[in-house]
Number of protein chains: 2
Amino acid sequence: MRTPATPNHLDQTLLALADPTRRAILQRLAAGETRVTELAQPFAMSLNAVSKHIRVLERAKLVRRRREGREHLLSFTPKPMDEAARWMEAQRANWTTRLQALDDLLQEEDRAAAASAPPHPKGRTR
Amino acid sequence: MRTPATPNHLDQTLLALADPTRRAILQRLAAGETRVTELAQPFAMSLNAVSKHIRVLERAKLVRRRREGREHLLSFTPKPMDEAARWMEAQRANWTTRLQALDDLLQEEDRAAAASAPPHPKGRTR
DNA sequence: TTGATATTCAACCCAGAGGTTGAATGATGC
DNA sequence: GCATCATTCAACCTCTGGGTTGAATATCAA
């Protein structure tokens with residue numbers, strides 16, 4: 001199922017985050033700017049593979065690169081993740097308000113039923 | 001770059017979310033249980049394609065299926081998204097505390113500089 | 001039964017993800 | 001200039017993702 005020709009921000013961000021290697025890289029970067037080689041060192045894969053992961057993160061703008069001589073210094077950029085987090089928050093809000101509405105509805109029905117069917121001796125609510 | 005043989009929860013969740021069709025499906029489901037065909041209707045792709053998307057969402061446990069006769073009723077399950085949101089929150093916290101530490105350090109240096117280099121008329125610290 | 005409806009299964013296609021190896025490019029240090 | 005270090009580029013491999021079409025399986029309704 002080919003996703004649209006133009007993947008949007010969220011797509012790229014979430015895709016980039018959907019890999020443990022890349023999440024580990026980000027975690028490392030949260031501790032500060034790091035060189036590519038240094039970043040690659042803990043992983044059981046070629047430097048090239050890590051380099052590719054980095055490119056994915058850059059494409060998602062989760063990582064910025066600053067060249068200094070022959071070294072490339074990577075750093076974390078939080079904005080896209082903030083956006084993703086906001087999407088999730090909105091989604092959750094959407095979901096919970098729906099549940100709330102359902103709940104309200106049920107309570108409403110209960111009250112109506114209580115009002116019409118009498119078993120309702122004066123002071124027994126709560 | 002083949003990611004580990006056993007993708008974990010987060011991987012599956014984020015991967016599932018990294019597609020606009022699937023996000024749209026979830027959005028629709030937040031409004032309540034829906035049949036597969038009904039869910040597929042707004043999309044410009046085959047029913048089969050949507051069916052596959054649904055399977056991806058189920059694999060990530062973002063969607064639950066309830067059979068009722070020949071109809072399959074899908075509903076949203078928020079838990080995995082909560083977990084993903086928590087990961088992001090942790091990541092952001094990590095990041096901001098690092099920035100905070102850096103900030104503190106700089107202020108500390110400023111104060112030290114101010115203390116040694118005299119321009120420091122008695123009552124000027126706020 | 002028989003026919004329609006709801007859904008999946010199976011096979012296939014193509015593009016892209018994740019990995020490898022080997023060579024190219026570009027600073028650095030002598 | 002020359003070897004070395006940091007990094008990417010290029011080509012290749014395999015597996016999966018997203019899509020298609022056509023057939024199979026259940027259920028409903030007559």
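The values are calculated or read from the model by the stated rules, or taken from the named source; none is laboratory data. These numbers were taken from a predicted model, which means no experiment stands behind them. Because the Cβ atoms are built from the backbone with ideal geometry, glycine has one as well, and the counts that use them run over all protein chains shown.
Please specify each residue of the stretch A:47-74 satisfying the condition of being at positive phi and in contact with a Ser or Thr (Cβ under 7 Å, 6 or more places away or on another chain). Selection gives A:LYS61 alone.
Within the stretch A:43-60, not a single residue is more than 10 Å from chain B (Cβ to nearest Cβ) and at pLDDT below 85. Here B:THR37 meets each of (1) facing another protein chain (nearest Cβ under 8 Å); (2) within 13 Å of DNA strand D (Cβ to nearest atom); (3) modelled with pLDDT of 90 or more with one exception, condition (1).
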